[in-house]
Amino acid sequence: MRKDILNTILELKGVKNLINKSEIARRFGCSINTVNKYLNAQDNDKINRKYSSKLDNFKGIVIEKTDDFSANAKSIYNFIKDKGYTGSYSTVAHFIQTHKQEEQNKATMRFETTPGFQAQVDWKENFKIINKDGKIFEINIFLMILGYSRYKYIELTLDRTQDTLFECIMHACKAFGGVPHEVLFDNMATVIDRLASTYRTIVINKKFAQFAKDIGFVVNTCRPYRPQTKGKVECVAKLMDRLRVYNKEFTTIEELDDIVNKLMIEINNEDINFVEKPVDRLKEEQKYLSSLPSIDCISQYFHQNKGYRVSKESMITYKKHKYSVPIKYIGEYLTISENEDTLNIYYTTDLVACHKISRKISQLQKRTCRTNIKIRCSKRGK
């Protein structure tokens, strides 16, 4: 009896949209007839029969030590042997291996087969690329992938703060045309509360948990032993390989941003296994996505900064320096996020301009400085 197949089927049985016989057969290297045998078996007592084992009374301890503390099989075997276990080491090692595999199969199966159910988020951190002038840009690439269609949203960022994560997720959901049921993250500090979390029990950051609730998705994190799926990792690697060819082929950060957007379009228009394009599969998956939230519902996450009115010259003034924005925003109020040497300018949640922060003394500052000097000199003369 294939216990791996049986366990998966028993878990998914009764949840109609999660059962995919072809997918199960492919994953476990068996025929569809074998899967059908388990699905259609009439002798339920035989299928669900539980066999006793010397390990039964110790399985809870084994799972706890494996999941919570990453203890290896040998140390766990010695530990439970002192508590009365009389079975073999091989039984313990096999149980741990099976348990890990089952944990991997649980989440991966659901991600692979259900439209609209899950998306995954990842960052490519501190990627260095050189412009035509030899200047090194250190950037981050935000990546969010829908599980069913494999449609990818990619965005260049200059930091990985929680505010930036909020913006990227909203931009991705707009690009998808809706919100997936859940979003899977690795254990990034902007999502989880690391002080309150343990290896097995993950506590979500309160602000992020509220953000997810307002947007309309469930937060899920990577389970033990299961990295983010291979498809997503391959996508990140593919994107980085394609970006490397643009070393010394751009001048400004805006040009590099255009290159990233172009690559996103190319990747979403490539066939998946020479069958379908993500951009085509997205049309089907959009039927299962939830509606986007209203701007009033999420404005608190994007309007914490002061609003700056755009002048008739299509400029805003920030810390006595002027910065240009597209002319269509004349008369509008924009918000600003300052990150190290970069000034990001937003209209609601959309990034509309990005400038290097000016450190020069402005004309207004010069006039103020000269005035102050004259006043001090006048006082001294008296």
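So, in the range 152-210, how many residues would count as being among the hydrophobic types (A, V, I, L, M, F, W, C), in a strand (DSSP E or B) and within 27 Å of residue 138 (Cβ to Cβ)?
Our first condition is that a residue be among the hydrophobic types (A, V, I, L, M, F, W, C); within the range 152-210, this holds for 154, 156, 158, 165-166, 168-170, 172-173, 175-176, 179, 183-185, 188-189, 191-192, 195-196, 202-204, 208-209.
Now drop any that are not in a strand (DSSP E or B), which leaves 154, 156, 179, 183-185, 192, 204.
This time we only want the ones that are within 27 Å of residue 138 (Cβ to Cβ), so: 154, 156, 183-185, 192.
Adding up the residues that qualify gives 6.
Identify, from the list 247, 261, 220, 268, the residue that is crowded, with 17+ Cβ neighbours inside 10 Å, at pLDDT 90 or above and closer than 22 Å to residue 142 by Cβ.
Within the list 247, 261, 220, 268, the selection yields 268.
At pLDDT 85 or above, surrounded by fewer than 18 Cβ atoms within 10 Å (Cβ to Cβ) and closer than 16 Å to residue 298 by Cβ: does that describe residue 209?
Taking the combined requirement at face value, the residue satisfies it.
Let's see how each residue does on (1) of a type in the set (Asp, Glu); (2) modelled with pLDDT of 75 or more:
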{"site": "33", "(1), (2)": "no, yes"}
{"site": "42", "(1), (2)": "no, no"}
{"site": "52", "(1), (2)": "no, yes"}
{"site": "57", "(1), (2)": "no, yes"}
{"site": "64", "(1), (2)": "yes, yes"}
{"site": "78", "(1), (2)": "no, yes"}
{"site": "81", "(1), (2)": "no, yes"}
{"site": "92", "(1), (2)": "no, yes"}
{"site": "112", "(1), (2)": "yes, no"}
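Considering the range 121-138 alone, what residues qualify as being crowded, with 19+ Cβ neighbours inside 10 Å, in contact with a Lys or Arg (Cβ under 8 Å, 6 or more places away or on another chain) and either modelled with pLDDT of 90 or more or more than 24 Å from residue 238 (Cα to Cα) (or both)?
Within the range 121-138, 129 is the sole residue that qualifies.
The values are calculated or read from the model by the stated rules, or taken from the named source; none is laboratory data. Predicted, not measured: the structure shown is a model, and the values here were computed from it. Note that each Cβ is placed from the backbone with ideal geometry, even for glycine, and that neighbours are counted across all protein chains shown.
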